[in-house]
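*Asks:* The structure follows.
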Amino acid sequence: MFDTLQDRLSAAFRTLRGKTRLTPADIEATTREIRLALLEADVNLGVVKDFIAAVRERASGAEIHQALNAGQQIIKIVNEELITILGGQARPLRFAKTPPTVIMLAGLQGSGKTTLAGKLGRWLRSQGHSPLLVAADLQRPNAVNQLQVVGERAGVHVFAPEPGNGVGDPVQVARDSIAHAQAKLYDVVIVDTAGRLGVDAELMQQAIDIRSAVNPTEVLFVVDAMIGQDAVNTAQAFAQGVGFDGVVLSKLDGDARGGAALSIARVTGRPIMFASNGEGLDDFDAFHPDRMASRILGMGDVLTLIEQAEKTFDAEQSAKAAQKLLQGKGEFGLDDFLQQMQAVRRMGPLSKILGMMPGMGQMKDQINAIDEREIDRLEAIIYSMTPAERANPKILDGSRRARIAAGSGTKVSDVNGLVNRFFEARKMMAGLGQMAGMGMPGARRQPAKQQAKKGKGRHKVSGNPAKRAQGAVTPAPEPTPTASAFGTPAVPSEADLAKAMGEFQLPPDLQKLFNQGS
């Protein structure tokens with residue numbers, strides 16, 4: 001959604017490369033490009049004016065850090081101002097002191113309220129809560145049936161006493177759901193209300209009646225992020241008529257310009273609390289303004305990536321696989337490779353995962369060209385192998401590879417490519433594991449005995465200049481000091497000192513000068 005905005009901002013920052021300080025002309029030119037980029041992204045005009053004024057004031061002020069160059073200074077200021085217009089800090093969900101916590105969803109028809117109700121219920125269940133979905137949209141055809149299907153997929157119970165399709169009183173259904181939740185010990189109630197094609201008096205009155213009946217802890221306004229400035233206008237009208245506590249952005253993975261996401265929090269004064277960025281029930285999470293600003297500026301979203309990895313990967317299994325790789329003993333097989341590849345797939349599409357990595361904004365075309373079906377072909381090739389072949393791919397000869405290609409519906413060249421890449425990756429990781437002194441887990445240091453052997457057989461040079469001049473190679477054996485009771489060398493005796501002084505010889509040149517002087 002923010003690809004175009006990201007490209008325009010990157011182009012604006014690129015003009016500042018190589019400059020050590022910001023001049024008034026640089027600030028004016030850069031802010032003009034940023035203003036055009038935001039307007040093209042369909043950001044609210046008032047928000048754009050305030051944003052540009054804040055950036056220009058800070059860039060011209062005395063807060064510029066001397067350690068940053070011109071481009072880094074502007075990026076730092078733009079990043080902080082983006083976080084401000086997106087809401088500043090993440091606003092967590094409030095919970096009632098006495099259960100159940102009632103969450104009312106409102107919004108226009110087609111904004112994705114029903115699907116989002118299932119996503120929110122699944123997210124709350126993953127947080128340890130026991131949510132209940134309430135089918136209070138009794139006007140839209142099959143809305144009740146849709147919520148039941150979504151609730152079943154999400155693993156969340158649905159309260160639907162009325163069939164819908166114009167039959168039943170939504171206010172009474174919402175009121176009865178509270179008593180049902182208290183009786184069945186549900187701690188969160190999510191009320192899915194009806195929408196309209198536009199803001200009208202009937203929609204407002206029904207929302208007001210439901211709000212009065214259930215006294216919700218949170219009223220969340222669901223906004224379709226793809227409809228542009230109309231989403232902001234609708235949110236403003238609803239805030240004035242009924243009121244809401246937070247905004248939920250749906251369809252954030254669309255290809256629209258995304259101006260609503262950058263405008264709605266600033267215009268309405270309500271925080272963005274959640275964002276839905278996919279069709280799956282797991283494509284839903286709390287909204288973090290700082291992470292969204294980082295994505296817009298092409299700096300990735302490492303924290304979200306780490307959180308998704310923690311949810312997806314088995315820590316013990318990954319640690320064992322990493323230990324096999326770093327030991328370099330050939331124990332890491334294609335079974336381990338397949339398990340790690342499947343764990344990455346559970347995190348989401350590869351294009352989405354790579355897009356969260358810093359610096360990947362410059363490779364959007366390559367990332368978008370990734371064919372997810374290639375992973376399916378790799379899985380088919382590995383599944384066509386026997387357990388022994390997966391554990392030790394070195395036994396794959398020509399006949400075995402031909403059989404695997406036939407069984408997986410691929411070519412022998414595809415099998416060869418997978419095996420060769422696997423060996424190269426395993427060799428590289430084993431080499432990293434053998435690097436010493438890098439602080440890497442599993443790194444193997446050279447044994448002390450081997451280090452001592454390296455010193456044997458070397459040509460030793462005497463420290464006595466006279467013996468070096470005489471071509472002496474073998475130095476006089478050093479007396480071994482007697483160890484003290486604490487394991488440290490003892491002080492040499494007077495006899496040892498006298499013997500050492502007697503054996504001491506001056507260099508020939510110095511000795512000759514000394515003899516002439518005497």
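The values are calculated or read from the model by the stated rules, or taken from the named source; none is laboratory data. Small disclaimer: the values here were computed from a predicted structure and weren't measured. Using ideal geometry, Cβ is built from the backbone for each residue, glycine included, and neighbour counts are taken over all protein chains shown. For the accessible areas, the whole protein counts, side chains as well, though only heavy atoms, and no ligand, DNA or RNA atoms are used. Shrake-Rupley method; radii C 1.70, N 1.55, O 1.52, S 1.80 Å.
*Asks:* Could you tell me which of the residues D169, D176, D187, D192 is modelled with pLDDT under 95, over 22 Å from G110 (Cβ atoms) and within 36 Å of the chain's Cα centre (by Cα)?
*Replies:* D187 is the lone residue from the list that is modelled with pLDDT under 95, over 22 Å from G110 (Cβ atoms) and within 36 Å of the chain's Cα centre (by Cα).
*Asks:* For segment 91-111, how many residues meet the condition of being open to solvent by 10 Å² or more (accessible area, probe 1.4 Å), at pLDDT 85 or above and not hydroxyl-bearing (S, T, Y)?
*Replies:* Residues that pass the stated criteria total 9.
*Asks:* Exactly one of these conditions fails for S130: (1) among the polar types (S, T, N, Q); (2) within 28 Å of A201 (Cα to Cα); (3) in contact with a strand residue (DSSP E or B) (Cβ under 8 Å, 6 or more places away or on another chain). Give me its number.
*Replies:* Single failed check for S130: (2).
*Asks:* Just to be sure, is N79 surrounded by 20 or more Cβ atoms within 10 Å (Cβ to Cβ), of a type in the set (S, T, N, Q) and either at pLDDT 80 or above or touching a helix residue (DSSP H, G or I) at 6+ places or on another chain (Cβ under 6 Å) (or both)?
*Replies:* When the stated conditions are applied, N79 does not pass them.
*Asks:* Another question, then. Within segment 255-323, which helices (runs of 4 or more DSSP H) (wholly inside it) include 2 or more residues that are under 30 Å from T234 (Cβ atoms), in contact with a strand residue (DSSP E or B) (Cβ under 7 Å, 6 or more places away or on another chain) and modelled with pLDDT under 80?
*Replies:* Result: 259-268.
*Asks:* Still on this model: Which of the residues that make up segment 212-242 are at pLDDT 80 or above, open to solvent by less than 10 Å² (accessible area, probe 1.4 Å) and not β-branched (V, I, T)?
*Replies:* Once the filter is applied, which keeps residues that are at pLDDT 80 or above, open to solvent by less than 10 Å² (accessible area, probe 1.4 Å) and not β-branched (V, I, T), segment 212-242 yields E218, L220, F221, A235, F238.
*Asks:* Output yes when any residue across segment 394-405 is small (G, A, S), surrounded by 13 or more Cβ atoms within 10 Å (Cβ to Cβ) and under 22 Å from A343 (Cα atoms), and no when none is.
*Replies:* Looking for residues that are small (G, A, S), surrounded by 13 or more Cβ atoms within 10 Å (Cβ to Cβ) and under 22 Å from A343 (Cα atoms), one finds none in segment 394-405, hence no.
*Asks:* If you don't mind, another one. For segment 200-247, which residues satisfy the criterion of being within 23 Å of G87 (Cβ to Cβ) and small (G, A, S)?
*Replies:* Correct list: A225, G228, A231, A235, A237, A239, G241, G243, G246.
*Asks:* Take L249 and tell me if it is hydrophobic (A, V, I, L, M, F, W, C), assigned to a helix (DSSP H, G or I) and open to solvent by less than 50 Å² (accessible area, probe 1.4 Å).
*Replies:* Taking the combined requirement at face value, the residue does not satisfy it.
*Asks:* Could you run through segment 151-203 and say how many residues are under 16 Å from T101 (Cβ atoms), among the small types (G, A, S) and touching a strand residue (DSSP E or B) at 6+ places or on another chain (Cβ under 9 Å)?
*Replies:* Total meeting the criteria: 3.
*Asks:* Can you find a residue in segment 38-56 that is surrounded by 19 or more Cβ atoms within 10 Å (Cβ to Cβ), of a type in the set (A, V, I, L, M, F, W, C), over 27 Å from I227 (Cα atoms) and modelled with pLDDT of 85 or more?
*Replies:* Taking every residue of segment 38-56 in turn, at least one turns out to be surrounded by 19 or more Cβ atoms within 10 Å (Cβ to Cβ), of a type in the set (A, V, I, L, M, F, W, C), over 27 Å from I227 (Cα atoms) and modelled with pLDDT of 85 or more.
*Asks:* Open to solvent by less than 10 Å² (accessible area, probe 1.4 Å) and in a loop (DSSP other than H, G, I, E, B), is that true of L16?
*Replies:* yes
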